[in-house]
1. Kindly write out, for segment 244-250 in residue order, the coupling ³J(HN,Hα) from the Karplus curve 6.51 cos²θ - 1.76 cosθ + 1.60 (θ = phi - 60°), rounded to whole Hz, with x marking Gly and Pro.
2. What distance in nm lies between label points placed 7 Å from Cα along the C-beta direction at K254 and K232?
3. With r defined as the distance between the Cβ atoms of K282 and D19 and R0 fixed at 51 Å, what FRET efficiency is calculated, to the nearest 0.05?
4. Cross-link partners among aspartates and glutamates for K62, C-alpha distance below 20 Å, same-chain residues fewer than 8 apart left out?
5. Could you work out Rg/(2.2 N^0.38 Å) for segment 260-318, with Rg from alpha carbons only?
6. Hey, can you find the accessible area per residue of segment 248-318 for me, probe 1.4 Å, expressed in square angstrom?
7. What does the extension gain come out to for S301 and K268, with contour length at 0.36 nm per residue minus their alpha carbon separation?
8. Going 7 Å from the Cα of E245 along its beta-carbon direction, which residues of segment 261-289 have the amide nitrogen within less than 20 Å of the resulting point?
Amino acid sequence: MDYKNYYKILGVKESATRDEIKSAYRKLAKKFHPDKNPGDKQAEEKFKEINEANEVLSDSDKKARYDQISNSYSSWQQAGGAPGSFSWEDLFSRNSSGGQRVDANDLGDVFGEMGGFSDFFRTFFSSGGARRGASSQRGYRQQYTHPQQSSNYQQELTISLYEAYHGTKRILQLGNNKIEVKIPAGAKTGTKVRVAGVGPSTGRGKKGDLYLLIRVDTDKRFLRKSNDLHTKVNIDLLTAILGGEMEVETMTGKVVLNIPAGTQPEQKMRLKNKGMPNIKKKNVFGDLIATVHVKVPKKLSAKEKNLYKQLKDLKKHK
């Protein structure tokens, strides 16, 4: 079993704060997400590593346990330990906790191929810990302890703002079975979607649940605040002065925005019901708030300059 340097995987220092870890994870997850790297197996494996590292370092209890393991491993290396000879069983016996035994393959089934964890993670962090069987020979079945008070599992799932607006679906690979999971319209970062009865067995004839923790990716066009969407609209100086019409992007296509005469820079205009749907109330939407940016021309033709001078003179004689 190989040691995993989670700090190196996320590219952060061991002294990194929780916010620094979170920021590093999000940047890397966005870069290596399978949706942006279709068919790229290396990116897929990197994405798994990133998720695994974040799973440990973003959890204070797991991070504390990991730091203890890392210190032990580093001390062994500095003492001249030969590669491949470190006693993971002895280290685990000092870091394990009791609980109900759960087959390792169950966890792989729950999270599917994309949610696979390394042996290192499964041994020390999955479901409260793991213990090896008496045999250390190739082909043994590794088994996990699982606290009896909980049989639920959580996995982060990133969706686009467009998917959050319209609702979307994901296919989970659970062993040989595929389950379609619906993400409701209006989902936001932090929304949990429960997939009942697909977790490991509790030992009482029932299976636990899987919770998909939704994270909505950023969108270049819109900033989401609760169920309202904020966007920018660029207009020229003459439109700001005289008024006019401007097309504005919404989540369902472009609409025409009436620009009143005398519109001021940074003025906000509200488009009712053009924001995000309310996840709890059908047919209820937030608003779209458009902030006006007035573009002042940097270059003018001789004729344009003359017209602006005439306008300036006209205002002087009022």
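1. x, 10, 9, 7, 10, 6, 10
2. Using points 7 Å along Cα→Cβ, the separation is 1.9 nm.
3. Numbers: r = 36 Å, r/R0 = 0.71.
Working from the Cβ atoms, E equals 0.90.
4. Counting by Cα, and skipping residues close in sequence, K62 has these aspartates and glutamates nearby: D2, E14, D19, E20, E49, E52, E89, D90, D119, E156.
5. Output field value: 1.94.
6. Details: 5440 Å² over 71 residues.
Roughly 77 Å² per residue, with all protein chains present.
7. Contour length minus Cα-Cα distance gives 8.8 nm.
8. Taking a point 7 Å out along Cα→Cβ of E245, the residues of segment 261-289 whose backbone N falls under 20 Å are 261-263, 269-272, 274.
The values are calculated or read from the model by the stated rules, or taken from the named source; none is laboratory data. What you see is a predicted model, and the numbers here were worked out from it, not measured in a lab. In this analysis, Cβ positions are derived from the backbone assuming ideal geometry, glycine residues included, and neighbour counts consider all displayed protein chains. Surface accessibility is based on the protein's heavy atoms, side chains included, excluding ligands, DNA and RNA. Shrake-Rupley method; radii C 1.70, N 1.55, O 1.52, S 1.80 Å.
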